[in-house]
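Readers should treat all values here as calculations from the given coordinates under stated rules, not as data from a laboratory. All values derive from a computational prediction rather than experimental measurement. Every residue, glycine as well, gets a Cβ built from its backbone with ideal geometry; the counts of neighbours run over all protein chains shown.
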């Protein structure tokens, strides 16, 4: 198996690493190439987890195969075809392109199934079946890392060409996971060895060794962090290009230890059975011939319990060999300790994730519907200059709507749905628990409404408002009906694809959402992946609360704090933001219009928020640390403000100057 890495570091400790398979996947344990020879088929047949699962799926769900026409893609010895024939299939077409097809014919004949199983030698893309349609497609298409040397595109080709409309593909779900491990002994023995070989420098070989991922069985005791879902693929519905993706990850340390490598593995599910069946290739499950895929990091990372390794993984086909894949890792461990608190308030429990030094002034964030701080503010905090501005000056308190935190369970239907006033009161209770004085607030759309309502009810507790695509009026009939439709979909179908599409339209501009000709951008794909983690019931409850909001326009002129509003020109709430700005005291407010951007500016164009926030915070005596002031887009000092910078059209921003007054203590 290939492993390639370049040392383009992004943060310290952290990095950006690219890996690919080179000349095919070679199993280091067996010394055989994938798909080549009887040894591989023997290894797979002796894989009890793999073979027994397929046997149980077929024998325990004969209703799926009885009198059905079955296509076995990549049949090998024909074992799956034999299982299907024995389960009562009307006919099985067993397709294999290697010389193993000749042996499969002999095996079929020796077992008396020649009248039921037809073995076809050749590539699926080149053969013609004797029938127009098949009822079932079954295949063991998965490769190492799920996608290395896999036959997924071949299965999808067969599905689109021969499968009837209500036909099934087995397996029909596959999920890729990531975790982090301590592996000092192996890395020292196999990789660091090349730095000094009997007194000679052979580090060039070390570089090659670091370039290729390792297929090996990982001891579960080596695992340091949680396991993160990267990608779930629905084989029945996905398009070939869906196997290329970028997925964010957050691996939280479960103990104090070192991290030497990331480990990827996959699960496979058969959801069409009487009860869902499947298997896992993870390190905590019984070993399979797929083992796990180990991606060694250039840096040895020291991590403490509760700290997180955050980043993203991009997977795409190798340009020279589409059956191989390229893997790009980006990661950072900045030592910012996140403490998650579950605060009991007058109106239920709320999750608060605290970042930074609690001796610093407080910045409270509140996300939009179906989002949390990871999916709503991560882009802003990953923008180095903006992150330095915020983390240098504030301790950040990320408040999640009820049930929106990472790993949240469904909220019981016995728990009353909170009103918007209840949600605003929850913020006051959180401030009381942490004994916070006046706070800075940052909210997006629904979260912006909750924070603005909080500011109108608890005027003395808010030092400033930064609102992104905010709301201040009751829902229009159009919005109310639209939200009602989404609520019904959530209630009956959960976080289904249609709901996610509607939410993504709410968040992002059409330029990044893509089209039939243009794929979704990385941020949209990442957000779609994070939406999979939301509990539909909890999102439904929050949407009910927001749909019941009332008009607070009349209270806006009573606000005692400065307000900075951002809105994307393509946001569905653009007119709401303009309306809100018109009702605020113009002496202490400003509007920033971001071109070619949707509602969630914090994710789509976080860099556009930097300069306005810098000038906004200057009014409070807050600045970026000096080592970051070299940017030509930044003020050289708080007393030297260039008028040109107040209208940086080159950044796609329209900014109306902010009128300052006496600094407020926060």
**Study point:** Nearest-ten-degree value, helix 574-583 long axis tilted from longest Cα axis of the chain
**Key:** 20
Review point. If you take the beta carbon distance between residue 574 and residue 239 as r and set R0 to 35 Å, what does 1/(1 + (r/R0)^6) give as a FRET efficiency, to the nearest 0.05?
Key: 0.60
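To one decimal place, what Kirkwood hydrodynamic radius in Å is obtained for the range 486-613 from all pairs of distinct Cα atoms? Could the numbers behind the result be given before it?
Details: mean 1/r = 0.0609 Å⁻¹.
Every distinct Cα pair counted, the radius reaches 16.4 Å.
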Check your understanding: Taking square-rooted eigenvalues a ≥ b ≥ c of the alpha carbon gyration tensor, is the range 96-235 rounded, prolate or oblate, where a/c under 1.5 means rounded and, failing that, a/b exceeding b/c means prolate?
Key -> prolate
Exercise for review: Please give the calculated 222 nm ellipticity per residue for the chain, where each DSSP H segment of at least 4 residues contributes -39500 (n - 2.57) and the sum is spread over every residue; nearest 500 deg cm²/dmol?
Suggested key: -8000 deg cm²/dmol
**Study point:** 0 to 90° range, to nearest 10: angle between helix 100-110 axis and the chain longest Cα axis
**Key:** 60
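For the ranges 201-211, 299-309, what's the packing order if you count other beta-carbon atoms within 10 Å of each residue, average per peptide, and put the highest first? If you can, show how the numbers build up before the last one.
Details: 201-211: 15.0, 299-309: 17.5.
Packing order, densest peptide first, comes out as 299-309, 201-211.
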Point to revise | the range 175-202 versus the range 508-537: alpha-carbon centroid distance in Å | key: 37
Exercise for review: Neighbouring Cβ atoms within 10 Å as the yardstick, rank 271, 293 fewest first.
Suggested key: 271, 293
Check your understanding: Roughly how many whole Å is it from the C-alpha centroid of the range 211-274 to that of the range 449-474?
Key -> 40
Revision key, fill the gap. Rounded to whole Å, √(5λ) for the Cα gyration tensor eigenvalues of the chain, largest first, gives 51, 30, 21
**Study point:** Degrees separating the helix 48-59 axis from the principal Cα axis of the chain, which is the longest one
**Key:** 80
Revision key, fill the gap. Ranked output for segments 406-412, 212-218 by mean other Cβ atoms within 10 Å, highest leading, reads 212-218, 406-412
Practice item. Just order 546-554, 450-458 by mean Cβ neighbour count inside 10 Å, highest at the front, would you? Key: 450-458, 546-554
Practice item. Order by neighbour count: 579, 99, fewest other Cβ atoms within 10 Å first, most last. Key: 99, 579
**Study point:** Rounded, prolate or oblate (a/c below 1.5 giving rounded, otherwise prolate when a/b exceeds b/c) for the range 477-547 by Cα gyration tensor
**Key:** prolate
Review point. Tell me, 435, 323 in order of fewest to most beta-carbon neighbours within 10 Å?
Key: 435, 323
